[in-house]
Structure formats: structure tokens, C-alpha cells
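Before any comments, here is the structure.
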Amino acid sequence: MAVPPAAGMPSSTAGRIAAAARAAQPTLPDDLLEDIFLRLNDTADLVRAAASCTSFRRIISDRRFRRRYRCLHRPPVLGFLDCARHHGLDRISVNFYAAELPHSSAPAARAVVRDADFTLPFLSDPSSWRVSDVRDGRILLSRQTTVRDILKELIVCDPLHRRHIQIPPIPQDRDYGIITFYEPFLDPVTDKEKETEDDLPFRVICNVFTWKKIRTFAFSSVTGNWQGVTSFVIGTFTWLKYPYILRRHYACSCFFWTVFGHDKTVMLVLETREMRFSVVDLPPESKYRENALVEAREGRLGLLILGECMLFVYSRTSPNNSHDVKYWQCDNAIPLVDRRWSFGGRAEGYALLEGVARNPDQILRKKMVTHYFTVELKTLSVKWLCATKSDTASPHYLYASFPLPLSLPSI
């Protein structure tokens with residue numbers, strides 16, 4: 001608190017007294033301040049603290065502190081991304097739809113809008129690229145001119161730190177057969193890597209589809225090389241011959257592929273620790289309904305199923321490689337308002353719900369407003385995220401990241 005000058009005291013003397021009073025106040029050591037900052041759950045509080053004092057900013061911007069903080073706290077969901085083609089400009093861009101008030105992530109989302117660059121200025125021939133995946137603050141871009149070019153042209157970028165890197169092509173082999181589809185996607189960073197690595201490595205996985213087999217390759221930013229890791233014979237699982245109708249999910253260190261809008265109640269599973277494929281049953285309630293595989297409480301595999309204005313929550317009580325459907329149990333049913341609901345992406349313990357009003361007067365695309373909600377998977381709380389009139393057909397990816405100066409470069 002400032003010390004008021006006494007009556008008749010020269011201002012220079014009063015200034016010296018005030019400075020001496022401030023210097024006499026006890027100061028907290030950096031280690032204690034760091035422990036206090038680590039206990040702040042809201043990243044907006046940390047950003048405000050960093051902006052208020054140079055010594056606070058020095059502590060919060062330190063790589064050691066940022067590494068410790070990301071081990072203790074999940075990055076907040078700041079909004080979602082989609083990929084749009086600009087009419088008449090022959091280019092694409094990644095659109096970022098930021099969380100809006102009253103969502104708790106709205107202040108951090110506004111900072112990302114200010115600091116990040118989603119225009120992808122580094123792309124040559126931007127019209128031939130698409131977004132293949134978004135995870136851990138990274139965007140995976142693939143070239144889509146021809147089937148084979150998808151595999152030759154891959155870029156991983158970090159829009160918040162404005163960095164990108166091109167990935168070398170997968171080695172070609174005549175034994176692959178006739179390739180029908182390439183599916184590149186990002187492998188999530190592990191908790192161990194968050195604890196031990198200053199510069200987080202990244203991995204890209206790519207499934208190469210033929211009529212008879214799925215071959216899986218993995219790229220590591222540490223080695224800079226691709227490696228064949230596993231394969232799966234399609235055989236009687238004929239639905240795997242049509243990868244365009246598959247939806248990919250990630251939970252419990254596994255990737256899952258389900259068939260959207262079909263009577264199939266099975267899913268393909270890739271266990272990333274052992275890089276092994278298997279096929280697992282889904283509950284019959286998932287037939288013809290939109291669903292999403294998630295990580296439920298206690299680390300169990302969970303399944304969200306959209307019913308008529310209801311969100312059903314299932315969990316699996318056995319290992320993921322067990323085929324018996326009896327291990328699925330319904331844990332909860334959450335009522336939803338009267339909208340047409342669908343799932344978007346999942347990230348950092350959240351799922352994205354998209355709802356459009358059923359009002360016939362809003363059927364015209366220019367009048368349709370889509371409302372987006374986040375579902376916190378541990379508490380099953382549903383919160384409004386934002387609303388937009390955009391109605392792109394591209395997938396919507398949840399974007400979770402710490403804002404600057406908390407965020408570390410991911411490339």
C-alpha cells in the first residue's frame with residue numbers, strides 16, 4: 001500500500017520513504033511462488049498473473065514450470081476447428097470457432113484467436129490440402145490430389161507457435177497391392193512423455209487400405225523415419241473395404257473404427273502399446289445410432305450413444321480385447337433439449353455435441369444456427385460452447401491447448 005506524504009514534506013522525500021516501505025515488505029521466494037501458481041486450475045488466472053508482474057511472468061514462462069503445469073492440468077478446450085474452402089480464392093483455411101462466454105475457456109480462447117495463425121500461409125497450392133487430424137495442439141494436413149499423393153504429402157503444423165514440418169513419404173512397395181485409401185492420423189502424447197520431455201515428440205500413424213488387407217505404418221519425429229508396425233486381414237469383415245464410412249475414435253490408449261449409420265455392432269480396435277488389431281462387439285443399442293468411444297471414469301472404456309433427445313452413457317467392464325457383448329453396461333441417460341444432435345471430435349476428456357433446431361423455418365442453410373456443447377466425460381456435465389451459422393461438411397475437431405505464455409511449442 002502506498003505511503004501518503006506527510007503535510008509539508010517534499011515530494012522527493014515522500015518518494016524515497018514510499019520506496020523504502022515497499023522494499024521492506026517481505027518477498028516470496030521463486031520456489032514458493034511456483035508452487036502457488038501450480039495450484040491454479042484456471043489458465044486465465046495464470047495469464048493474468050504473468051501480465052501483472054515481470055517476476056511472475058519470468059516464473060510462469062520458464063520451461064520447467066510449464067512442463068510441471070502440463071503434467072498436473074489438462075489443457076482447456078478452447079473451441080473447435082474445421083477446414084473450409086474459400087469460394088473464388090482457390091484455397092483452404094482452418095477455421096477456429098472460439099469458446100464464447102459464459103464458457104470458462106472464453107478468455108483463453110480470445111487469446112488464441114489473437115496469437116495463432118490458422119490461415120496456413122506456408123502451403124503451396126492450398127486448394128489440394130485437407131485437415132486429417134487435430135491433437136495436442138497440432139494439425140495434420142494431407143495432400144488430396146490423387147490417392148497416392150495423400151501418402152507423399154503430409155505436414156504437421158502448430159498454429160499457435162506458427163511452426164510446421166513436412167513429413168517424408170512412406171516407402172513404397174509393390175507388395176501393397178491396389179491401394180484404395182490412405183488414413184493418416186496423430187498418435188496422442190503419453191503422460192510419461194509430458195513428465196519427462198521438454199520438447200514433446202509426435203507420431204503419425206497411417207493406415208493403408210487395400211481390398212484384402214490394412215497395413216499400418218508409424219512415423220516418429222525422434223527418428224524421422226516410417227516403420228511398418230502391424231496389419232489386419234479384412235476377410236469376412238467386408239465393411240472394412242469401405243473406409244469412407246468408418247469413423248475413428250481414440251480412448252484408453254486405443255484407436256477404434258465404427259461404421260456410422262449401419263447395422264454393424266462391431267468395431268475394429270488398434271492397441272497402440274502393442275500395435276495389434278482386434279475386433280470387439282458393441283452393444284445392440286448402438287445399431288443405426290450415432291456413437292462415440294471415450295475414456296470413462298476409472299480408466300474404463302466408455303461409449304456415448306445418441307437417442308431421441310437422450311444421451312446414453314455405457315461403459316465396458318472387461319478388457320478391450322474381450323468379444324463378449326455382455327461386458328457393456330448402461331451407466332446413465334442424460335436428457336437433451338429438442339434438437340437434431342450429432343457428435344463432433346473428442347479431446348482432453350471432453351466430447352463435442354452439435355445441435356440444430358428442428359424448426360422447419362430454419363431448414364434453409366443460411367438460417368440454420370448450430371449450437372455446440374462440450375460434455376465433460378468424468379462428470380458428464382454438458383456446457384454450451386458456442387454457436388455459428390457455418391454448416392461445413394468437414395469434420396469438427398475439438399481444439400485444446402494452453403494459451404501463451406503457458407504453451408510450449410509442439411514442433
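Three semi-axes describe the equivalent ellipsoid of the stretch 192-262; taken as square roots of 5 times the Cα gyration tensor eigenvalues and ordered largest first, they are 28, 16, 9 Å. On a per residue basis, the stretch 206-247 carries 53 Å² of accessible surface, using protein heavy atoms and a 1.4 Å probe.
Neighbours of Ile139 by Cβ distance under 13 Å: Lys/Arg scored +1, Asp/Glu scored -1, total 0. Tell me, what is the FRET efficiency for Ile179 and Phe237 to the nearest 0.05, using R0 = 22 angstrom and their Cβ-Cβ distance as r? After rounding, the FRET efficiency stands at 0.75. Figure legend: label point modelled 7 angstrom from the Cα of Ile334 along Cα→Cβ; residues of the stretch 59-83 with amide N under 20 Å from it are 74-81. Other residues within the sphere of radius under 15 Å centred on the Cβ of Val313, judged by their own Cβ, net out at 0 (K and R +1, D and E -1).
Taking each of Lys194/Lys241; Lys287/Lys383; Lys194/Lys378; Lys287/Lys378 in turn, the alpha-carbon distance tops 30 angstrom for Lys194/Lys241. Using the Cβ-Cβ distance between Arg358 and Leu101 with R0 set to 30 Å, the FRET efficiency from 1/(1 + (r/R0)^6) comes to roughly 0.70.
The values are calculated or read from the model by the stated rules, or taken from the named source; none is laboratory data. Since we're looking at a predicted model, the values are computed, not measured. Cβ atoms come from the backbone with ideal geometry, glycine included; neighbour counts cover every protein chain shown. Protein only, heavy atoms only, side chains kept; ligands, DNA and RNA dropped before computing areas. Shrake-Rupley method; radii C 1.70, N 1.55, O 1.52, S 1.80 Å.
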